[in-house]
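Since the structure comes first, as structure tokens, the remarks are kept for the end.
Derivation of every value follows stated rules applied to the coordinates shown; laboratory data play no part. Source: prediction; values computed, not measured. Here the Cβ positions follow ideal geometry from the backbone for every residue, glycine too, while neighbour counts run over all protein chains shown.
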Amino acid sequence: MDLTLVGGGLVVIGVGIGIGLTGKGAMEAIGRQPDASGKIQVAALILAALVEGIGFAALFAL
């Protein structure tokens, strides 16, 4: 088994966990402060895009 494939799988798992935790935190924050939902959603979307971008960069580096 090629270890780069294992590394790629770990990258994908890490990105999935990161985006999931971002969404979880955003939903909890919106639940606490519904008035700020627009700002929270924008920040969560930007953070999810950055996490995904890091994941793509790591996969392309393999």
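Brief remarks follow.
- Of all residues in region 46-59, those that are more than 11 Å from residue 19 (Cα to Cα) have Cβ atoms under 7 Å from Cβ atoms of residues that are in a helix (DSSP H, G or I) and among the hydrophobic types (A, V, I, L, M, F, W, C), 6 or more apart or on another chain, in 58/11; 59/11.
- Among residues that are surrounded by fewer than 14 Cβ atoms within 10 Å (Cβ to Cβ), in contact (Cβ under 8 Å) with a residue 24 or more places away in the chain and in a helix (DSSP H, G or I), residue 6 is not included.
- Close contacts from region 20-34, counting a first residue that is assigned to a helix (DSSP H, G or I) and a second that is of a type in the set (Ser, Thr, Tyr) and surrounded by 11 or more Cβ atoms within 10 Å (Cβ to Cβ), with Cβ to Cβ under 7 Å and a gap of 6+ residues or different chains, come to 30/37.
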